[in-house]
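The structure under discussion appears below in the form of structure tokens.
All of the numbers you see were taken from the coordinates with simple rules; none came from a lab. Keep in mind that this is a model prediction, so the values were computed, not measured. Neighbour counts are summed over all protein chains in view; Cβ atoms, including those assigned to glycine, are modelled from backbone coordinates with ideal geometry.
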Amino acid sequence: MITRRNAMKAGVALTGAVGGAGLLLPALGGEAQARTTTDIDPTTIPKFAQEMTVPQVLRPDRISGTTSYYSFEMQEVQTEIIPGKQTTVRTFDGHWPGPWIKACSGHRVVVTQKNNLPTPTSIHLHGGHVPESSDGTPMDLIQPGGEKTYTYPNSQPNANLWFHDHAHHIESENVFRGLTGIYTLMDLPEKALGLPSGAYDVPISIRDARFDENGQFIYQMNDFRGRNVILANGKAWPYFEVAARKYRFRLYNTANMRFFTLKLSDGSTVQQIGTDGGLLEAPVTTDTISLTSGERADVVIDFSKYPVGTTLQIVNTENVPAGVPPTPVLQFRVTRKAADYSRVPAKLRTLPALAVPTVNRDIVLRVDENIADGMGYIDDKVYDHNRVDTTIKYGDTEVWTVSNVNQRVPHNFHIHLVQFRVLERNGVPVTSGPEAGLKDTVRLMPGEKVKVQATFTGYRGKYVYHCHMFDHASMGMMATMEVV
Ligand code: C2O
Ligand code: CU
């Protein structure tokens, strides 16, 4: 078994990184950064100097009946993230940013993953309703040189899914080094809505990273202070040229630990049309998009009001103290006019009625605060893949009351297999807004409590639930449920 300490050593050996590890407090504004002499100075990286790349939509290797087949070779390649520097990244087939699989509800996707990386992997389709054998559970490892074929039935409606490594104790480093991809699931009712599509439907993965002076990643476990370079689709602070019309942006937080609260720099509103599990019932007009690690927000931004030549930014206001300017993420440049026949209908979908729950559970999230090299816990237990923590009767609808009992450390909560509904946040019913959609990951700031409801159907077997801050999951904030 790979222990946490070995995984950490491997990380240090690969990067030559020193110092700063083991600090547990979240990066609150105003605190000093734990920079080392080998770190690149982020202020020397030019902003908006590189164009953002759009993930490449992959064609299947072949299609047979209603099944599309893909194959990837996980491999390290060099790529330019910081202008003028080459960074070694872990990829699916060399794609940077990660590839984009466009799937359709009711049409199966089969992906063969060959592992040519120096580390074991296990590939999980986040948000996907899939059998245990294809879920990419933490111990279902693909060893270096090995391969595994995953089958995704796509028996769920439209959704904004993604895939990433989930190998026990090393997922956090593998994801940090790049092992993520986009997977969107489309259905006919969504297609009929006339939302912006084609070149006007762009996924954007937002994350942070830490680099040395040569442009190589510095990975350290639980390093929430050091990762101060923001990437959008794998480029540091890029720009993106848009036409003066509506765009659909599927925003993914693929950061290990960083939370984003995104705004447009001119304070304009956007329409949020979807979340983790696909479209909302109705668009939400908002000037703020909240994304914790692993969450997605599907938004429409209308650039038609801006004259050609306008620039504006997406900025992050999370943990930025009052009076300090928010940190930029990406710049939009309005470079041309374009026809726009897309629409954002007032009604997007009807979510299924909530079933009547028969089981209630409490789930407690915690990490050691103030201890260097601390551990993470769910219900006071560190993850043990040999233990079943929760047994669920097939078909049951359950309500889980999830609490973050930490004083300073934020968490979030992700359940495999299901899309859930958020019933309450801190005792207040959630009846509207983005959290009223289908969710698989939910924010929990220190002291917060959310009630979520899910129906466990479709597949029996063992699946995990965990904090989706990958470093916290690696530190033990993960548990196993068995649907029997
Ligand atoms: Cu996105 Cu268990 O993971
Ligand atoms: Cu956490």
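Just a few scattered comments:
- When each of the peptides 89-102, 376-389 is scored by the mean number of other C-beta atoms lying within 10 Å of its residues, the order from highest to lowest reads 89-102, 376-389.
- Seen through its C-alpha gyration tensor, with square-root eigenvalues sorted a ≥ b ≥ c, the chain comes out rounded because a/c lies under 1.5.
- Oblate is the label for the range 148-297, because the ratio a/c of its alpha-carbon gyration tensor axes (a ≥ b ≥ c) is 1.5 or higher and a/b is not greater than b/c.
- Residue-count net charge about THR455 - beta-carbon cut-off 13 Å; Lys, Arg +1, Asp, Glu -1: 0
- Whether the range 98-232 is rounded, prolate or oblate, judged on the alpha carbon gyration tensor where a/c under 1.5 counts as rounded: oblate
- Centre-to-centre, using Cα atoms only, the range 179-204 and the range 346-390 are separated by 29 Å.
- Karplus (6.51, -1.76, 1.60) ³J(HN,Hα), θ = phi - 60°, over the range 310-318, in Hz, Gly and Pro reported as x: 6, 10, 8, 10, 8, 10, 9, 10, 5
- For the chain, calculated [θ]222 nm from helices alone, where every DSSP H run of n ≥ 4 adds -39500 (n - 2.57): -1500 deg cm²/dmol
- Linear extension gain, ALA353 paired with VAL388, 0.36 nm per residue minus alpha-carbon span: 9.6 nm
- Of the peptides 160-171, 54-65, the ranking by mean beta-carbon count within 10 Å, highest at the top, reads 160-171, 54-65.
- For ARG408, distant residues with modelled amide H under 5 Å away: none
- Between TYR150 and VAL111, THR112, GLN113, the built amide H atoms are under 5 Å apart, and every one of these is 5 or more places off in sequence or on another chain.
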